[in-house]
Amino acid sequence: MEKKEMQYALLLGDSLTEQGYESGWASRLSKRYVRRADVINRGLSGYNTRWVLDILKDDVRRQQLLPTQPGKALFVTLMLGSNDCAGFPQHVSLDEYDANLRAIIDTVRKHVCPVGGIFLLSPPPLDEKGRLQWLRDVGCDPNSCGRSFESMRRYRDASLRVGAEEYEEHGDVFTVDLYRVFLGRSADTVPYAEGSWCEYFSDGLHFNENGGRVVFEALWCAIEKSVKASHILPDRLPYVLPPHETLVGGSS
């Protein structure tokens, strides 16, 4: 009997990824691939691109972050930037963010070799009022937020630019614009204003369950439209272990 290795999808990012099971976008993805591929969540709460890149540059720590299992990587999701645009000590300049993001993509490309490429999710919009209220509610200084709707948009713009240029050069990076997902066609021009989109965030920054559903649907749409869709969609992947019916002679 031919040995089948369990393939996997790798989720890299900050707390928006680490909390992907709480908000549901990662768990929905895992449900789609059950018995066909593992979904491995390597989100690192509080991390910026500099700290993630530092890990990837170190041979020992890189093996702790990137899976070492034998199966092939179907694809990788990458969502970073929400901490880069924060204040000290997490802040990373736009120029460094751009360079770090490219280096992370290159390292993932080299060491993970995902069959279906890398899905680059931009930072989402920040609900400033919701974030400040949450900080007050938990007893933190509202001035410690260090983020704004406009600063997040600048890092979103940078991530989209990196994604577009990487796609043009390598054809394996696909962007998911979360500003446009939540704000629609006004994503590029609208100033911060409370609206129905704010209801998708639990604390102004992190997705709640409804927000996680929106993120999942946007990511899934990108996966389905990918040039490698036929190689990474779950209905194109076999069970690694056979259905139980085959163990009982075809009877259920």
Can you spot the lysines whose alpha carbon is less than 29 Å from K31's alpha carbon? Ignore those fewer than 8 places along the same chain.
K3, K4, K72, K110, K225, K228
Looking at the chain only, what percent of DSSP beta bridges run antiparallel? Nearest 5 please.
5
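Order by neighbour count: V60, V227, V76, V115, fewest other Cβ atoms within 10 Å first, most last. It would help to have the intermediate numbers written out before the result.
Numbers: V60 7, V227 11, V76 27, V115 14.
Ranked by crowding around the Cβ, least crowded first: V60, V227, V115, V76.
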Segment N208-R154, length gained on full extension (0.36 nm per residue, minus Cα span)
17.1 nm
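When the chain is fully extended, how far beyond the present Cα-Cα distance does E169 get from E199, taking 0.36 nm per residue of separation? Mind dumping the intermediate values first?
Values: separation 30, 0.36 × 30 = 10.80 nm, distance 3.75 nm.
Between E169 and E199, full extension yields an extra 7.0 nm.
Give me the number: length gained by fully extending S93 to E245, i.e. 0.36 nm times residue separation minus the C-alpha to C-alpha distance, one decimal in nm. Don't jump to the answer; show the numbers that get you there.
Values: separation 152, 0.36 × 152 = 54.72 nm, distance 5.66 nm.
Difference between extended and current length: 49.1 nm.
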Any idea what angle helix 149-170 forms with the longest principal axis of the chain, computed on alpha-carbon atoms, 0 to 90 degrees, nearest 10?
40
Quick check: Cα centre of segment 196-249 to Cα centre of segment 27-50, how many Å?
10
Using alpha-carbon pairs under 8 Å, 6+ residues apart, how would you state the relative contact order of segment 7-248 in percent?
23
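Nothing charged except the Cβ atoms of Lys and Arg (+1) and of Asp and Glu (-1): what's the magnitude of the dipole of segment 7-248 about its Cα centre? Round to the nearest 20 debye.
Numbers: 28 positive and 33 negative charges, 135 e Å.
In debye, rounded to 20, segment 7-248 gives about 640.
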Which distance in nm do the two modelled labels at A229 and Q133 give, with both placed 7 Å along the Cα-to-Cβ direction?
3.9
Labelled set (1) 65, 39, 35; (2) 61, 47, 29; (3) 53, 44, 29; Cα extents along the principal axes in Å computed from this model equals the value at (1)
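Each value in this text was obtained by applying a stated rule to the coordinates, not by laboratory testing. These numbers come from a predicted model, not from an experiment. All Cβ positions, even for glycine, are placed from backbone atoms using ideal geometry, and neighbour counts span all protein chains on display.
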